[in-house]
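Engineer: Before we start, here is the structure in question, set down as structure tokens.
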Amino acid sequence: AIIDDEDTMLVSRNYKAFQGLSHITDELIRAFGHCEKSVVDGELICVSAKNKPMDRKTSNGIINKCVKGTASAAELESIRFQVWDLIPADDYFYEGVYNVPMIDRYEALQASIIGCRYIHIIDSTIVNSIGEARKVFQQYVDQGLEGILLKNLDAPWENKRSNNQVKFKVEITSDLIVRGVYEGKSESKREGKMGGVVCETADGLLCVNVGS
């Protein structure tokens, strides 16, 4: 989110604007309008009527509609902004580094969004060893989630892949049989070329497309 009073907007990683999310941008203005021009880092997710996160495929499908401007009113209402960092815009866009410790940025972000309905801060747990981190990781995996990011509390924000944070993710390998190929998407430069392969387990119970 790029917050600049009335010009506040939500954009994707490659700066495509999301449409129809005034319920979130209005909250951002209320929460951060008193600040200098800022960037809030996070991701859009969708929740069910019971306020439970939807699966990633469904959620991403709805959010992609917001780029095209085709999301329905009910779909827009399901979208939340899950946030984890707050950086002055000049440092984000021009300096590429913000030398305020991560824990201070997180606490400032948390204090700013108190009372927000559509903006949530991401869950966090302080750990003191790699063993504790692995336990937290396993708890999230047991809930059907992807994993965790282990972050250095004293780290500055950097506009690059940082050694101050490490991704924990489950990797499962499997041998599959290639049954066929499929063409690249018609709207992309891959049209007329191979887009990927169709693979299957030996027992035929699982069939998946594997992209290039």
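The values are calculated or read from the model by the stated rules, or taken from the named source; none is laboratory data. Since the model is a prediction, treat every value here as computed from it, not as a measurement. The protein model used for the area step is the full one, side chains on, heavy atoms only, and it has no ligands, DNA or RNA in it. Shrake-Rupley method; radii C 1.70, N 1.55, O 1.52, S 1.80 Å.
Engineer: For the chain, modelled as a Gaussian network with Cα springs under 10 Å, which listed residue fluctuates most, ILE113, ILE126, ILE29?
Structural biologist: So, out of ILE113, ILE126, ILE29, the one fluctuating most is ILE126.
Engineer: If you roll a 1.4 angstrom probe over the protein chains with everything in place, what fraction of the accessible area of segment 98-212 belongs to carbon and sulfur, to the nearest %? Display every interim value, and only then the final one.
Structural biologist: Numbers: 4270 of 8630 Å².
C and S fraction of accessible area: 49 percent.
Engineer: Where is the GNM fluctuation largest for the chain (alpha-carbon springs, 10 angstrom cutoff): GLY195, GLY33, GLY20?
Structural biologist: In this elastic network of the chain, the residue with the biggest mean-square fluctuation among GLY195, GLY33, GLY20 is GLY195.
Engineer: Accessible area per residue, 1.4 Å probe, Å², for segment 52-131: what's the number?
Structural biologist: Values: 4690 Å² over 80 residues.
Accessible surface, normalised per residue, equals 59 Å².
Engineer: Then there is this: How much mean residue ellipticity at 222 nm does the chain get from its helices, if each DSSP H run of length 4 or more adds -39500 (n - 2.57) and you divide by all residues, to the nearest 500 deg cm²/dmol? It would help to have the intermediate numbers written out before the result.
Structural biologist: Working: 5 runs with 53 residues, N = 212.
When only DSSP H runs of four or more count, the value is -7500 deg cm²/dmol.
Engineer: According to the Cα gyration tensor, what semi-axes, each the square root of 5 times an eigenvalue, does the equivalent ellipsoid of the chain have, listed from largest to smallest in whole Å? Let's see the in-between values first.
Structural biologist: Numbers: eigenvalues 220, 117, 66 Å².
Semi-axes (√(5λ), whole Å): 33, 24, 18.
Engineer: Given LYS68/LYS193; LYS65/LYS189; LYS52/LYS151; LYS169/LYS189; LYS50/LYS160, which pairs have Cα atoms separated by over 28 Å? Mind showing how you got there, number by number?
Structural biologist: Values: LYS68/LYS193 26 Å; LYS65/LYS189 21 Å; LYS52/LYS151 26 Å; LYS169/LYS189 31 Å; LYS50/LYS160 37 Å.
Over 28 Å Cα-Cα: LYS169/LYS189; LYS50/LYS160.
Engineer: Using θ = phi - 60° and the Karplus curve 6.51 cos²θ - 1.76 cosθ + 1.60, what whole-Hz ³J(HN,Hα) does each residue of segment 59-70 get, with Gly and Pro shown as x?
Structural biologist: After applying 6.51 cos²θ - 1.76 cosθ + 1.60, I find 4, 5, x, 5, 5, 4, 5, 5, 5, 7, x, 10 Hz.
Engineer: In whole angstrom, and with the biggest value first, how far do the Cα coordinates of segment 14-93 range along each principal axis?
Structural biologist: Cα extents, longest axis first: 35, 26, 20 Å.
Engineer: From the C-alpha gyration tensor of segment 54-132, pull out the three semi-axes of the equivalent ellipsoid (sqrt of 5λ each), sorted largest to smallest, in whole Å. Please report the intermediate quantities before stating the final value.
Structural biologist: On the way: eigenvalues 163, 69, 38 Å².
Its equivalent ellipsoid spans semi-axes of 29, 19, 14 Å.
Engineer: How high is the relative contact order of segment 50-157, in percent, counting Cα pairs under 8 Å that sit 6 or more residues apart? Spell out each step's value before the answer.
Structural biologist: Details: 79 pairs, mean separation 31.1, N = 108.
Reported relative contact order: 29 percent.
Engineer: Here's a follow-up. How large is the Kirkwood hydrodynamic radius of segment 121-212, counting all unique pairs of alpha carbons, in Å? Intermediate values should be presented prior to the final figure.
Structural biologist: On the way: mean 1/r = 0.0587 Å⁻¹.
Its Kirkwood hydrodynamic radius stands at 17.0 Å.
Engineer: I want to verify a result. In a Gaussian network model of the chain, Cα cutoff 10 Å, which of these has the top mean-square fluctuation: ALA89, ALA73, ALA202?
Structural biologist: Maximum among the listed residues: ALA202.
Engineer: Let me ask something else about it. Provide the descending list of Cα extents for segment 158-212 along its principal axes, expressed in whole angstroms.
Structural biologist: 42, 33, 12
Engineer: From largest to smallest, what semi-axes in whole angstrom does segment 93-143 give when each is the square root of 5 times an eigenvalue of its alpha carbon gyration tensor?
Structural biologist: Numbers: eigenvalues 128, 67, 23 Å².
So the equivalent ellipsoid measures 25, 18, 11 Å along its semi-axes.
Engineer: On to the next question. Compute the angle between helix 22-32 and the longest alpha-carbon principal axis of the chain, please, reported from 0 to 90 degrees and rounded to the nearest 10.
Structural biologist: The answer is roughly 40 degrees.
Engineer: Next question, about the same structure. Keeping every protein chain present and rolling a 1.4 Å probe, give me the accessible area per residue for segment 169-212 in Å². Present the calculation step by step, with values, prior to reporting the outcome.
Structural biologist: Details: 3730 Å² over 44 residues.
For segment 169-212, the solvent-accessible area averages 85 Å² per residue.
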